[in-house]
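Accompanying notes for the structure given below.
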Amino acid sequence: MPMTVIKVRYESNLYAYKSIAGAGKDILKTEGLRGFFSGVGATAIRDAPYAGLYVLFYEQLKKRLSLLAQKVPVAGEVPGGMKGSTSASINFGSGILAAGLATAITNPFDAIKTRIQLQPKQYLNMVHAGRKMIRDDGLKSLFDGLGLRMGRKAISSALAWTLYEELIRRAELAWKQSEEGVL
């Protein structure tokens, strides 16, 4: 949390910090240690559901896209089985779509977190911030930053999960071959 608060404020035009260290010193001087944990509740309520939703969407999309891929014959592939490149494409596509969906659902908590971190005296807590945002700026304010967050989360999640799945696939192949005495 402390690094996130410093980052959000340093990047904002609401503060005129000349350095990251200066931002940290100012937060400590004006708000104490508590200032470094502004928005911790909204962050927790954003991140926990995001992780669960992401895995749920990812696994469901992977199943559905795999079924679609098996119906469309690709030159050089064995029917019913996927080559690594097809599998990686499905994992990557599933990762992007899952991240997009999970990000869209959890973005209101990210928008609230950012407001609390930027202006803790105006946005006292999650409930207060949410109500104030809707009252002052409308429901759309809960989706501020969605496009940027979605792009960042989609690419990073898709890359991480594609790499993970590919490493698992290769490890399983190596294990299977070693058991069969092929190695």
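Here, each number is a calculation from the coordinates, and none is a lab measurement. Every value quoted in this text rests on a predicted model; they were computed, and no experiment measured them. Virtual Cβ from ideal backbone geometry, glycine too; neighbours counted across all protein chains shown.
Available extension along the chain between GLN122 and ARG135 is 3.3 nm, counting 0.36 nm per residue and deducting the alpha carbon span.
For the pair GLN177 and ARG34 in one chain, pulling the backbone fully straight at 0.36 nm per residue adds 46.0 nm over the alpha carbon distance. Overall, the chain carries a charge dipole of about 700 debye about its Cα centre when +1 sits on the Cβ of Lys and Arg and -1 on the Cβ of Asp and Glu, all other atoms neutral.
Dividing the mean sequence gap of close Cα pairs (under 8 Å, 6+ apart) by how many residues the chain holds gives a relative contact order of 24 percent. Sorted on the mean count of surrounding Cβ atoms within 10 Å across their residues, most packed first, peptides 134-146, 28-40 read 28-40, 134-146. Result for the chain in a Gaussian network model with C-alpha springs under 10 Å: among ASN91, ASN107, ASN13, the largest mean-square fluctuation is at ASN13.
Could you list LYS113, LYS153, LYS132 so that the one with the fewest beta carbons within 10 Å of its beta carbon is first and the one with the most is last?
LYS132, LYS153, LYS113
Both radii are taken from the alpha-carbon atoms of the chain; with Rh as the Kirkwood radius, Rg/Rh is 1.15.
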